[in-house]
Amino acid sequence: MKIAICPGSFDPITLGHLDIIERATELFDRVIILVMSNSAKQSAFTVEERIELIKKCIKNEKIEVDTFDGLLIDYAKKSGAAAIVKGLRAVSDFDYEFQQALINKSLYPKTETVFLPAKGENMFLSSSMVKEICRLNGDISPYVPEEITNDIYLRCKGDK
Ligand code: PNS
């Protein structure tokens, strides 16, 4: 059985993430969405809340959700994952993602990193952008699954 991990902070999950995850299920037998903390980012939702939001949007039986507080590659090793699947948006993602892929490969060569190009309409979509639009009372519905739109408004909407 070929397992893939889709790691990220998912704060919150967006339609861009979901597109990559769904496409990964076409390539692998099982896909684990791995919710992690990114030390470089301040989060709006706790890890537990992010997992609950993801579970509200996932219907595919090939997908499961987990969390891990450590090196991504240690989780890959322990779960026997064949690949880490990442979405690549505009060139700005490339440096960081390439660095991560090389470090992970050197730590544990058996797990590959596979990059899937983001769909055109998701090229500039990010969780940070969703939170900013929400904070300034814009419409986030084109960017996030409808099951969680209200949860995001409740947490991130500004007072204006
Ligand atoms: O959605 P993000 O914030 O871009 O996800 C980044 C994440 C959480 C996948 C990345 O920061 C990560 O892999 N963190 C775990 C620590 C790790 O293994 N780092 C790589 C070696 S330095």
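The values are calculated or read from the model by the stated rules, or taken from the named source; none is laboratory data. What you are looking at is a predicted structure, and each value in this text was computed from that prediction instead of being measured. Note that each Cβ is placed from the backbone with ideal geometry, even for glycine, and that neighbours are counted across all protein chains shown. When the accessible area is computed, the model is the full protein with side chains, heavy atoms only, and any ligands, DNA or RNA have been set aside. Shrake-Rupley method; radii C 1.70, N 1.55, O 1.52, S 1.80 Å.
List of remarks:
For (1) touching a residue at least 40 places away in the same chain (Cβ under 8 Å); (2) among the small types (Gly, Ala, Ser), each residue gets a yes or a no:
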site: 5; (1), (2): yes, no
site: 13; (1), (2): yes, no
site: 16; (1), (2): yes, yes
site: 23; (1), (2): yes, no
site: 27; (1), (2): yes, no
site: 31; (1), (2): yes, no
site: 35; (1), (2): no, no
site: 48; (1), (2): no, no
site: 51; (1), (2): no, no
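- Among the residues of the range 37-54, those that are part of a helix (DSSP H, G or I) and more than 13 Å from the chain's Cα centre (by Cα) comprise 48, 49, 52.
- From the list 140, 103, the one residue that fits, being over 25 Å from residue 51 (Cα atoms) and in contact with a helix residue (DSSP H, G or I) (Cβ under 9 Å, 6 or more places away or on another chain), is 103.
- Filter pass, residue 21 being at negative phi, in contact with a Cys (Cβ under 8 Å, 6 or more places away or on another chain) and either surrounded by 15 or more Cβ atoms within 10 Å (Cβ to Cβ) or not in a helix (DSSP H, G or I) (or both): yes
- Residues being open to solvent by less than 70 Å² (accessible area, probe 1.4 Å), in a loop (DSSP other than H, G, I, E, B) and away from the ligand (no atom under 11 Å from the Cβ) - total across the range 24-36: 1
- Residue count for the range 139-160 satisfying the condition of being of a type in the set (S, T, N, Q), part of a helix (DSSP H, G or I) and under 18 Å from residue 19 (Cβ atoms): 1.
- Just so you know, in the range 37-57 the residues that are crowded, with 20+ Cβ neighbours inside 10 Å and out of contact with any helix residue (DSSP H, G or I) (no Cβ under 6 Å at 6 or more places or on another chain) include one that is nearest to residue 147 (Cα to Cα), and it is 54.
- Each residue in the range 93-126 was checked for being within 12 Å of the ligand (Cβ to nearest atom) and either part of a loop (DSSP other than H, G, I, E, B) or open to solvent by 30 Å² or more (accessible area, probe 1.4 Å) (or both), and 12 of them qualify.
- Tally, over the range 61-81, of residues that are open to solvent by 30 Å² or more (accessible area, probe 1.4 Å) and under 19 Å from residue 116 (Cα atoms): 1
- Output for the range 82-92, where each listed residue is touching a residue at least 24 places away in the same chain (Cβ under 8 Å) and either loosely packed, with under 13 Cβ neighbours inside 10 Å or within 12 Å of the ligand (Cβ to nearest atom) (or both): 84, 85, 86, 87, 88, 89, 90
- Failed criterion for residue 69 (all others in (1) within 14 Å of residue 16 (Cα to Cα); (2) within 12 Å of the ligand (Cβ to nearest atom); (3) outside any helix (DSSP H, G or I) hold): (1)
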